[in-house]
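Engineer: A single structure is presented below for examination.
The values are calculated or read from the model by the stated rules, or taken from the named source; none is laboratory data. Just so we're clear, the structure is a prediction, and the values are computed from it rather than from any experiment. Neighbour counts run over all protein chains shown; Cβ positions are idealised from the backbone, glycine included.
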Amino acid sequence: MSEAAALPPGEHPARGADPHLAHHFSSLERQVDASRLGMWLFLCTEVLLFAGLFTGYAVYRYSFPIAFAASARTSEIWAGTLNTVVLITSSLTVALAIHFVRTGRQRAAVVCLLITLAFALTFLGIKAIEYTAHFHEHQLPGRYYRFEGVRLPGASMYWALYFLMTGLHGLHVLIGMSVLGVIAWRTSRGYYTPHYYVGIELAGLYWHLVDLIWIFLFPLLYLI
Amino acid sequence: MAENGEHHSALPYFLVWVALLILTVTTYVTGRMHLGTWALPLAMIIAVTKSLLVILFFMHLWEQKGANRIVIATSFVFVALIISLTVADVATRFPLSTPAGAPFGTDIPAELEETAPEYQPPAGKIGEPPRGVPQPK
């Protein structure tokens with residue numbers, strides 16, 4: 001057990017055995033299990049939040065199948081594909097960061113987390129290029145839709161859903177970046193050890209969820 | 001957890017990553033082939049396979065306790081319920097009460113691609129209400 005690790009707030013000094021153990025848990029194992037269960041419950045609420053948007057997509061795709069297929073073909077497919085590769089690779093680097101903390105290589109873990117942040121920035125950069133192109137082409141929701149390429153009723157609904165879904169996903173990328181930044185800083189300070197790394201694990205879970213949602217957004221919005 | 005810390009190998013993560021990349025290429029290639037009715041089911045099968053890989057191995061659900069598995073499985077049941085029941089509602093309505101269009105289909109009919117429909121987007125600048133369209137008072 002690393003004695004140099006910073007004491008978390010609320011720690012009871014008299015227990016002494018483990019600086020990470022909060023006073024209301026009988027053992028570190030129970031504390032970690034509770035944290036994991038809480039994170040999975042939170043991820044469920046996130047899945048259901050996006051499920052509402054996916055339902056909207058399903059309904060309007062059912063109503064306007066041709067407009068949706070035609071609009072998807074005018075989206076920036078190269079950017080969507082590249083962003084899929086970027087997010088999948090960033091998921092790998094997060095998983096590797098957890099692996100390195102587990103095996104006691106904190107420095108490698110910090111490097112992996114920083115690479116993940118770089119991938120996240122790349123994702124947002126590509127997304128910004130895409131948004132700029134769509135604004136330029138007037139591929140916009142509602143009455144702002146002026147795109148000459150697809151003149152079908154329902155095409156503006158595709159772009160409304162496109163901006164809602166990718167926008168909410170982009171917000172999650174930003175939140176994930178902040179969480180990973182804090183975790184990288186704490187890892188570099190030696191807060192996590194091979195015996196206690198649940199914080200970095202939960203941050204990783206959040207980042208994988210961001211990847212997971214994109215895995216469904218990519219074919220629905222860009223390909224079919 | 002700590003008990004499997006020392007003998008943990010990073011190789012499975014790279015294998016999962018390669019599998020995800022292969023599936024991404026597959027979904028890209030099949031998505032551009034205009035498979036018609038089969039495009040949506042195929043893309044969803046690939047996406048579900050990819051998400052299972054991420055959940056089981058990157059998110060370590062494979063080695064988690066039962067409670068966490070039940071939690072995520074329950075959320076997927078509710079996702080399936082909300083999407084299938086809502087689409088079933090829309091699909092079984094009186095045809096004239098739904099927006100123009102047919103049930104799921106992904107290929108643009110040839111006649112639509114050749115000649116643009118009569119609908120013309122109203123001219124005007126972004127931010128201004130289009131001319132000739134009645135505005136709500």
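Engineer: For the range B:45-75, give me the residue count where each residue is assigned to a helix (DSSP H, G or I), within 9 Å of chain A (Cβ to nearest Cβ), within 23 Å of the chain's Cα centre (by Cα) and crowded, with 16+ Cβ neighbours inside 10 Å.
Structural biologist: Total satisfying the criteria: 12.
Engineer: On to the next question. Against the condition more than 9 Å from chain A (Cβ to nearest Cβ), part of a helix (DSSP H, G or I) and under 26 Å from A:TYR192 (Cα atoms), how does B:TRP38 come out, does it pass?
Structural biologist: no
Engineer: Report yes if some residue within the range A:121-137 is more than 20 Å from A:TRP78 (Cβ to Cβ), within 14 Å of chain B (Cβ to nearest Cβ) and not in a loop (DSSP other than H, G, I, E, B); otherwise report no.
Structural biologist: So far as the range A:121-137 goes, no, none of its residues is more than 20 Å from A:TRP78 (Cβ to Cβ), within 14 Å of chain B (Cβ to nearest Cβ) and not in a loop (DSSP other than H, G, I, E, B).
Engineer: Of all helices (runs of 4 or more DSSP H) completely enclosed by the range A:1-107, which ones contain at least 1 residues that are in contact with an Asp or Glu (Cβ under 6 Å, 6 or more places away or on another chain) and either modelled with pLDDT of 85 or more or within 11 Å of another protein chain (Cβ to nearest Cβ) (or both)?
Structural biologist: Per the criteria, A:28-63, A:77-102.
Engineer: Sticking with this structure for a sec: Checking the structure you have, find out if any residue of the range A:93-101 is under 29 Å from A:TYR191 (Cα atoms) and surrounded by fewer than 18 Cβ atoms within 10 Å (Cβ to Cβ).
Structural biologist: Within the range A:93-101, not a single residue is under 29 Å from A:TYR191 (Cα atoms) and surrounded by fewer than 18 Cβ atoms within 10 Å (Cβ to Cβ).
Engineer: Can you tell me which residue among A:LEU174, A:LEU209 is within 9 Å of the chain's Cα centre (by Cα), touching a residue at least 24 places away in the same chain (Cβ under 8 Å) and either surrounded by fewer than 19 Cβ atoms within 10 Å (Cβ to Cβ) or closer than 17 Å to A:ALA109 by Cα (or both)?
Structural biologist: Only one candidate passes the filter, namely A:LEU174.
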